[in-house]
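Engineer: Handing you this structure, nothing more for now.
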Amino acid sequence: MWILDTALNQFKQWLNFVPDLRISINFSSIQLTNKNIVSDTLKILEKHNILPNKLTIEITESVAIDNIENYKQIFDDFEDDIVDISNLELDV
């Protein structure tokens, strides 16, 4: 959450110059086990006065496939708040 807070602090400054800018942040599978991940993320967005639709949360493909049932509610909650969820493909 510290990384998200720090990134959104900088992002807010950039928005003053490029209003259509969006930001993508990677979330790990460990972060997605936090039952407060959605509310914590929304609080940080609110703290910096950034609309949720400016944020894309990126997850690795393996997280999406391996734990889809565990994370489905989290993904649904983020999408209800207009936060985009995106899959990343990583070369291993």
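Engineer: If you count, for each residue, the other Cβ atoms within 10 Å and average over each peptide, how do 33-45, 13-25 line up from highest to lowest?
Structural biologist: Going by the mean number of other Cβ atoms within 10 Å, highest first, we get 33-45, 13-25.
Engineer: Run the quick spin-label model on Gln73 and Leu42: label points 7 Å from Cα toward the beta carbon, then report their separation in nm to one decimal.
Structural biologist: 1.5 nm
Only the coordinates and a few stated rules stand behind these numbers; no lab work does. This structure is a prediction, so every number in the text was calculated from the model and none was measured. All Cβ positions, glycine included, derive from the backbone under ideal geometry; neighbour counts span all protein chains shown.
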